[in-house]
1. What number of residues within the range 102-151 are part of a helix (DSSP H, G or I), within 11 Å of the ligand (Cβ to nearest atom) and not hydrophobic (A, V, I, L, M, F, W, C)?
2. In the set V15, V42, which member is β-branched (V, I, T) and within 11 Å of the ligand (Cβ to nearest atom)?
3. Those residues that are away from the ligand (no atom under 16 Å from the Cβ) and either under 23 Å from D111 (Cα atoms) or assigned to a helix (DSSP H, G or I) (or both), I need them from the range 45-66; list them, please.
4. Can you tell me how many residues within the range 107-139 are closer than 24 Å to F175 by Cβ and not hydroxyl-bearing (S, T, Y)?
5. Mind checking whether some residue in the range 96-104 is within 23 Å of R170 (Cα to Cα), modelled with pLDDT under 95, surrounded by fewer than 18 Cβ atoms within 10 Å (Cβ to Cβ) and aliphatic (A, V, I, L, M)?
6. Going through the range 154-175 one residue at a time, which ones are farther than 21 Å from T98 by Cβ and surrounded by 18 or more Cβ atoms within 10 Å (Cβ to Cβ)?
7. Which condition breaks for P30 when tested against (1) crowded, with 16+ Cβ neighbours inside 10 Å; (2) within 16 Å of the ligand (Cβ to nearest atom)?
8. Please identify the pairs in which a residue from the range 31-54 that is under 17 Å from L173 (Cβ atoms) has its Cβ atom under 6 Å from the Cβ atom of a residue that is among the small types (G, A, S) and part of a helix (DSSP H, G or I), counting only partners at least 6 apart or on another chain.
Amino acid sequence: MTDSLSVLSAAVRDVKDFPAPGILFKDITPILASGRLFRLAVDCFVEANAGLQIDKIVGIDARGFLFGAAVAYELGVGFVPVRKAGKLPFQTQSAAYTLEYGQSVVEMHVDAIVPGERVALIDDLLATGGTAAAAACLIAKMGGVLAEAQFLIELEFLAGRNALQHLPVRSFLKF
Ligand code: AMP
């Protein structure tokens, strides 16, 4: 496992000043582009979920879909997308959160989670934690039980765990 993590870590590409000056973007496309690395990354999540008795995976728009859907398939459970506002066709619940400048909104279909279902939340990266906290809020509104929030990458210097204080959080690659 440690070997897999160092191989994955080395494959993450740093892109300076994207999408805005001062941001160091962690590009996971080299992981996606390799069958071996993509499988290693998905396996990290799958192993993390063994024993958590998950009913559904909730993936965050958009890179959370890539890992979340593969993990749901492997676990044989359903997948639920949390999307940016205005993208989902049916009735939605929404949750607002604060970005560095201004606000954003994420949405989930109102029938996506049955009350009492155990859910794992998946995204590619935990930065400030605002997005994941809003997704966690949606899961709670639906009556879901958030077993764990899981991220391939955690930017520890941004202390995103503080935004998810009361929740179990797991990440595989820490920068
Ligand atoms: P946050 O709400 O600040 O935790 O931001 C997390 C979301 O923004 C995730 O969906 C990430 O895909 C994306 N994100 C934030 N910062 C970065 C970064 N430095 N590199 C890549 N993606 C990022």
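The values are calculated or read from the model by the stated rules, or taken from the named source; none is laboratory data. Predicted model, so just to flag it, every value in this text is computed and none were measured. Quick reminder, even Gly has a Cβ in these numbers, built from the backbone with ideal geometry, and neighbours come from all protein chains shown.
1. Qualifying residue count for the region: 2.
2. V15
3. V46, E47, A48, N49, L52, Q53, I54, D55, K56
4. 15
5. Looking through the range 96-104, at least one residue is within 23 Å of R170 (Cα to Cα), modelled with pLDDT under 95, surrounded by fewer than 18 Cβ atoms within 10 Å (Cβ to Cβ) and aliphatic (A, V, I, L, M).
6. Within the range 154-175, S171, F172, L173 meet the criteria.
7. (1)
8. If the second residue must be among the small types (G, A, S) and part of a helix (DSSP H, G or I), the pairs left are I31/A11; I31/A41; L37/A11; L40/S4; V42/A70.
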